[in-house]
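The values are calculated or read from the model by the stated rules, or taken from the named source; none is laboratory data. From a predicted model like this one, the values you see are computed outputs, not experimental measurements. All Cβ positions, even for glycine, are placed from backbone atoms using ideal geometry, and neighbour counts span all protein chains on display. Calculation scope for accessible area: heavy atoms of the full protein, side chains included, ligands and nucleic acids excluded. Shrake-Rupley method; radii C 1.70, N 1.55, O 1.52, S 1.80 Å.
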Amino acid sequence: STMRRRKTTDSPRSSTDLGEGKEKLRLKQEVGLISGVSLIAGTMIGSGIFMSPEWVLYHMGSPASSLLIWAACGLLAMFGALSYAELGTVIKESGGEYIYILRIFGSFPAFLFAYTSVILVRPAGLAAVCLSFAEYAVAPFYPGCSSPQVVVKCTAAACILLLTIINCLNVRLATSIMNIFTAAKLLALLVIVVGGLVLLAKGQTQSFQNAFQNTTAGIGAVGVAFYQGLWSYDGWNNLNYVTEELKKPEVTLPRAVMIAIPLVTCLYLLVNVSYLAAMTPSELLSSEAVAVTWGDKVLGSWAWLISLSVALSTFGSSNGTFFSGGRVCYIAAREGHMPDILSMAHVRCLTPSPALLFTSAMSLIMIISGNFTSIVNFFSFIAWLFYGMTISGLLYLKIKKPELPRSYKVPIIIPIIVLIAAVYLVVAPIIDQPQMEILYIVLFIFSGIILYFPLVRFKWHPRFLEKLTLHLQLFLEVAPTTSDAN
C-alpha cells in the first residue's frame with residue numbers, strides 16, 4: 001500500500017463559509033507544553049496505581065519481579081510514545097491510531113478501528129474509570145458496608161454528565177481542570193512516596209529480603225501481569241489524539257512525552273516500594289484496595305485523605321480520557337467514517353460538542369447496563385492489537401518513505417521492540433488461556449464490515465439521515481470544520 005496523500009484543500013465535509021469573510025471554522029490550538037504533560041500524566045494516573053499493584057504481585061509471585069514488570073511497562077509506554085511522536089510529526093493531524101492507520105493502510109482498517117474504538121473501547125474505558133471514581137466518592141457515606149450499586153451508578157453518570165458540560169463549553173476550561181487535578185494526584189502520590197521512604201529509613205525492609213523468591217516464569221502469567229501494569233500506564237498516546245490543538249506540535253509532542261512518562265514511571269516504582277515497605281507481600285495480596293490499606297497503616301486517622309486522593313485522581317483521569325476519546329469520534333466523522341453531524345464543532349465554543357455528546361451517551365449506556373466488566377478486562381487485547389498495527393505503519397514509513405519531512409526521528413530499534421511486545425501481548429494470553437470473550441471481541445471488530453461497504457464504500461446515505469443532520473445542526477448550533485493539517 002502507499003501512504004494516502006493528506007487533504008490540503010478543503011472538502012465540503014471539512015470546511016464551511018461563515019458570514020461574508022469566508023472564515024474557516026476550526027478547533028483552537030489551546031494545548032501547550034504544561035497542558036500536554038498534564039493530559040498524558042493526568043490520564044495515565046487514574047485508579048490503576050491505587051488498585052493494580054496486588055494483581056501484578058499476584059501474577060509474578062515476588063516483590064522484585066513485580067517491580068521489574070512496573071519498570072518494563074513504563075519503558076514500553078515510553079518507547080510506544082516516542083514512536084507515536086515521530087508519527088505525529090509526519091502526519092500532523094488529530095485522531096491518534098485512527099488517522100495513522102487511515103493515511104498508511106487506507107480506509108477499511110481505519111474504519112474498523114474507529115468503529116471499535118468509538119462504540120466499544122473508549123466508552124467502556126470512560127465508564128470503568130467513572131465507576132471507579134464513584135466507588136471512592138460514595139464510600140465515606142457508607143462506612144463498614146459496601147455502597148449500593150444504584151448510588152454508585154448514579155454518581156458515575158453524574159460524573160460523565162459534568163465532564164460533558166465542561167468539555168463542550170471550553171477547551172481551556174477542560175485543560176485547566178486537567179492541570180489542577182494532575183497537580184492534586186501528583187501530590188497524593190508524593191505523600192505515599194515520602195511515607196514509604198520514612199518507613200524504609202526506620203528499617204522496615206522485610207519485604208525486600210529474598211525479594212525474588214517464588215517468582216513465576218510462565219509466558220501467560222507474565223503477559224497477564226503486563227496487562228495489569230499497562231492498564232495503569234494507559235493514556236501514554238493521548239496527546240496524538242489532539243495534535244491539531246497543540247501549540248507547535250512538532251516541539252510540544254516529543255517534549256511532553258519525554259517529561260510525562262519518565263515522571264509517571266518513577267512515581268509508580270516509588271509508590272510500589274512504599275506499599276511493600278508498609279505491608280508484607282501476603283498483606284498486600286489480601287488487600288481489596290492497596291492504597292486504602294496503606295493509608296490505614298501509615299496515616300492512621302488521616303487515612304480518609306487517600307480515598308479523597310483516589311477520587312480526585314480518577315476524576316482527573318476520566319476528564320483526560322473523555323477529552324481525547326471525543327476527538328477520535330470527531331476525526332473519524334470528518335473523514336466520512338461516522339455520521340456527518342459528529343464532525344461538526346460549536347460555532348461559538350469551538351469544541352467538537354456532537355462527538356463529545358455521542359461518547360457521553362455510549363458511556364452512560366454502559367454504566368446503566370453494567371455488563372461491561374469483560375470488555376474492560378480485554379481492553380488491553382484490543383488496544384495492543386491496534387497499537388501493533390500503528391507501529392508497523394511507522395516501520396513501513398521509515399523503510400519505504402524515508403524522504404518524508406519529520407522534525408523528530410526515533411531510532412528504528414525502538415518501534416521494533418514495541419511491535420514485538422504488541423505481538424506478545426496479543427498472542428500470549430490466547431495461547432496460554434484461550435477464552436471465548438476474545439472470539440466475541442474479534443467478531444465485534446469484523447462486524448463493522450456490514451456497515452462499511454454500504455455506508456462508506458458505496459456512500460449510501462438514507463434521506464432521513466440528511467434531514468436529521470440538518471435539524472441537529474440547528475438545534476446544537478454546530479457547523480462543519482476544516483482540518484489544521486499542513
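Per-residue packing, averaged as other Cβ atoms within 10 Å, sorts the ranges 474-480, 131-137 into the order 131-137, 474-480, beginning with the highest. Beyond 29 Å in Cα-Cα separation lie the following of the pairs Lys398/Lys459; Lys92/Lys467; Lys409/Lys459; Lys247/Lys398; Lys400/Lys459; Lys92/Lys459: Lys398/Lys459; Lys92/Lys467; Lys409/Lys459; Lys400/Lys459.
Computed over protein heavy atoms with a 1.4 Å probe, the accessible surface of the stretch 327-428 works out to 38 Å² per residue. Dipole size of the chain about its Cα centre, with +1 on Lys/Arg Cβ and -1 on Asp/Glu Cβ: approximately 1260 debye, rounded to the nearest 20. Converting phi to 3J(HN,Hα) with the Karplus coefficients 6.51, -1.76 and 1.60 and the offset θ = phi - 60°, the stretch 165-177 yields 4, 4, 6, 6, 6, 6, 5, 5, 4, 5, 6, 5, 4 Hz in sequence order, with x at every glycine or proline.
Placing pseudo-labels 7 Å out from each Cα toward the beta carbon at Lys467 and Asn210 gives an inter-label distance of 7.7 nm.
Could you look at the stretch 392-479 and say what percent of its accessible area is carbon and sulfur, using a 1.4 Å probe and all protein chains?
Carbon and sulfur together cover 72 percent of it.
Against the chain, whose longest principal axis is taken from its Cα atoms, helix 413-432 shows a tilt of about 70°. Here the sum of -39500 (n - 2.57) over DSSP H runs of 4 or more residues, divided by the residues of the chain, equals -22000 deg cm²/dmol at 222 nm, to the nearest 500.
Of the residues Tyr275, Val456, Tyr115, the one whose Cα sits farthest toward the positive end of the charge dipole of the chain, with +1 on the Cβ of Lys and Arg and -1 on the Cβ of Asp and Glu, is Val456.
Full extension of the chain between Ile365 and Cys266 yields a length gain of 32.0 nm, computed as 0.36 nm times the residue separation minus the alpha carbon distance. Relative to one another, the C-alpha centroids of the stretch 230-294 and the stretch 49-86 are positioned 9 Å apart. Coupling constants for the stretch 348-360 follow from the phi torsions by the Karplus curve (6.51 cos²θ - 1.76 cosθ + 1.60, θ = phi - 60°), and in residue order they are 9, 6, 6, 10, x, 4, x, 5, 5, 5, 5, 4, 4 Hz; glycine and proline get x. Modelled spin labels at Arg172 and Leu395, positioned 7 Å past Cα toward Cβ, are 4.5 nm from each other. The slack in the chain from Ile449 to Ala184, taken as 0.36 nm per residue of separation less the alpha-carbon distance, amounts to 91.0 nm.
Separation of the stretch 91-145 and the stretch 429-486, taken as the distance between their Cα centroids, equals 15 angstrom. Packing here is the average count of other Cβ atoms within 10 Å per residue, and on that basis the peptides 326-334, 240-248, 309-317, highest first, run 326-334, 309-317, 240-248. Between Lys459 and Leu200, the simple spin-label model (points 7 angstrom out along Cα→Cβ) gives 6.2 nm. Ranked by the mean number of other Cβ atoms within 10 Å of their residues, highest first, the peptides 411-417, 33-39 come out as 33-39, 411-417. For Kirkwood radius over Cα pairs in Å, the candidate list reads [x] 27.6; [y] 24.5; [z] 23.1; the entry that matches the value derived from this model is [z]. Computed with every protein chain present, the accessible area of Glu437 is close to 70 Å² [probe 1.4 Å]. Rg and Dmax, both from the Cα atoms of the stretch 103-220 and both in Å, are 21.3, 60.
The portion of the accessible surface of the stretch 120-207 made up by carbon and sulfur, rounded to a whole percent, is 74 (1.4 Å probe; DNA, RNA and ligands excluded).
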